[in-house]
Each structure stands twice: as structure tokens, then as C-alpha cells.
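Please treat every number below as a calculation from the coordinates, not as lab data. This one's a predicted model, so the numbers in the text were calculated from it and none came from an experiment. All Cβ positions, glycine included, derive from the backbone under ideal geometry; neighbour counts span all protein chains shown.
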Amino acid sequence: MTTSPSPGFRSGFVALAGCPNVGKSTLLNRLLGEKIAIATPLPQTTRRIIRGVLTLPGSQIVFLDTPGFHKPKFALNESMVRAAEGALTEVDVVVMLVDAGRDPGEGDNLVAARALAAGVPVILALNKWDTVPEAARAARRAAYTALGPFAEMVTVCALEPAAATTLLPPVLARLPEGPAYYPDDEITDQTLRDLVCELVREQVILQCAEEIPYAVAVSVDKYQEGDDGDRVWATIYVERDSQKGILIGKGGARIKALGQAARAQMEQVTGQPVHLRLFVKVQPNWRKDTQFLREMGYRS
């Protein structure tokens, strides 16, 4: 739903694009000042497009946090890459985020080519700039700017508040005049069900990073809001019986720990108690199962 803008009001859609694990979700959370996207040290954590809305005096920016560009191995990964590619065709500006702590690689070349082909301004953001030694900064900056004719280049650290003050001015300068697409108090188009799925999956990644993070999907079977708190029933899907055993743990200890940590995150979002029940089911080879992926809401 859009609202009529005042004269000079700027608004638009901005894609955060890049290779896996360059800090796109961390940057989105920093820009909004609230956590709406899970962020872990594991590559390919983001699987869907997540929209975050930043409303400022005189402007509104709708950020699209995209899955990282990578070589697909399963149908799930193909869906993720298609989502990232599709986002580039739907925005007014692309922010290409790179990990400045290393030299550009083949993946960065791919992202630059895709982003620049979108026909909109592309701002190159060198993230993790604080990790680059002073003596290496000029060469590192030159190596990344050589990837293409970017509209502008900025250096940021997504973990620091200054990331917003550095990145927002060049983004706003390239947005057209337009309406507010979301109400002032709305920061994401995700539902509570979406957030629950992501927060549970985040805990699986953080607590089981060595064993099964890529083979995990989460669905909410039922969500009940109540005066004494929300009640949620969710299912964690894995591909093998051995993975199910790892998630449940000895005497149910692991699944209990996952539930406690996810519930604490949910209560920060809802502002009230959350009663969470987790179940684990085996769905063999679900990452290759296009029908299951469609049922889970992934783009085919």
C-alpha cells in the first residue's frame, strides 16, 4: 500500500547483493537498527529475499537482502540464485557488498557483471574495511573498483553504527521522488511465521554448525496468539535419520537447547512470552525435491 508523498519525498527499492558471507544481512540489521534477518558465520545463511523498510524524514528505502551468488549444487541453491538475480531487476539501486578483507575473486566478478547489467546505479561497498591493513588499502580499493563502472565506492564495517551514515547518503541521492510504500512503523514484510522459521534455523546453524546446517529447513505448523503469550508449533526437517538424532540429542538435550535459544529471540520480537514446541522430521533429499521446495515457499 502506498501513500501520497510530500513534494521532494524520495523512495525506492535497493538490493543488497554479493557473494555468500560478505555481511549483507548484518548490514541490513545495522541499517534498520533492529534484527530482521538472521546472520551467522556460515555462507548461504540467507535463502530468501528479505525486505527491510527504513523510513526517514523525507524518504523511505526498501532494502532487499538477497541470497549470496554461488554455484548451485541442489534445487534449493538454484532457487536461491534465481531469487538474487530476480531482485536485481526490481530495484532502483544496487549495493554490491564485498569482503574487503580479501582480494576479489571469481564470485565477485560474477556479481559485478550481473549487478551492472541491471541498468541501475550500482554502489560498491567494501565491507570489513577495518580488517584491511593500512598499507594494503590503496591496492585493495583499486582491485575492487576495477571490476566495473560503479556509480560510487564506499568503505564500511557492517558491525559499526557508522555504516549507516556512510552508505545512506549515496543511496538516497540516487532514489527517485515517489510515495511511501509502507507505513512509517513497519520495518519488514515478513510475517511472524517467517521470523519464527528463520530464528529456529539460525539456532540450528549456530549450535550444529559442524553437523547439519545446510540440510535443515523449518516450517511453522501452527501459530496461536494469546493474552498470556504466543504458542508456536514448528517442524525442523532434515534429510537423514542420523541428522534427526543429532538435533534431538541425548535425552532431548539438544532440541531443548535449540528451543530455549530460539524462544528467547522470539520474545524479543513479540514483546511477550512465547511457548514453542519443536518437532523433527526426516524428508530425504529435500534440497533436490522441487515439489517440497515449492511447498516450503521457495521459488521454482
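Data table
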read-out: Estimated FRET transfer efficiency (Ala142, Leu168; beta-carbon r; R0 22 Å; 0.05); value: 0.30
read-out: Kirkwood Rh, angstrom, the stretch 71-127 [1 / mean 1/r, Cα pairs]; value: 12.2 Å
read-out: The chain - convex hull of alpha carbons, volume per residue in Å³; value: 139 Å³
read-out: Count of Lys pairs (Cα-Cα under 24 Å; at least 8 positions apart or interchain) in the chain; value: 20
read-out: The stretch 174-226 shape via C-alpha gyration tensor axes, a/c threshold 1.5; value: oblate
read-out: Asp103/Leu159 FRET efficiency (R0 35 Å; Cβ-Cβ; nearest 0.05); value: 0.95
read-out: Student exercise, the stretch 15-81 dipole from Lys, Arg, Asp, Glu Cβ charges, in Debye to nearest 20; value: 140 debye
read-out: Residue-span extension gain [Asp227 to Asn285] - 0.36 nm each, minus C-alpha spacing; value: 16.9 nm
read-out: Cα-based shape type of the stretch 10-172, given that a ≥ b ≥ c are square roots of the gyration tensor eigenvalues and the cut on a/c is 1.5; value: rounded
read-out: FRET E, pair Arg240, Ala209, Förster distance 25 Å, beta-carbon r, rounded to 0.05; value: 0.90
read-out: About the Cα centre, charge dipole magnitude for the stretch 192-294 (Lys/Arg +1, Asp/Glu -1 at Cβ), debye; value: 420 debye
read-out: Relative contact order of the stretch 192-294, pairs being alpha-carbon contacts under 8 Å that are 6 or more residues apart, as %; value: 30 percent
read-out: Computed over the chain: relative contact order in percent, which uses C-alpha pairs under 8 Å that are six or more apart; value: 19 percent
read-out: Cα-Cα pairs of the stretch 145-206 separated by more than 14 Å (percent); value: 76 percent
read-out: Zone of Glu85's modelled label, taken as backbone nitrogen in the stretch 108-149 under 18 Å from a point 7 Å along Cα→Cβ; value: 108-120
read-out: At q = 0.14 Å⁻¹, base-10 log of I(q)/I(0) for the stretch 192-294 (Debye sum, equal scatterers on each alpha carbon); value: -0.51
read-out: The chain, dipole about Cα centre (Lys/Arg Cβ +1, Asp/Glu Cβ -1), debye to the nearest 20; value: 920 debye
read-out: Over the stretch 17-91, relative contact order from alpha-carbon pairs under 8 Å, at least 6 apart, %; value: 29 percent
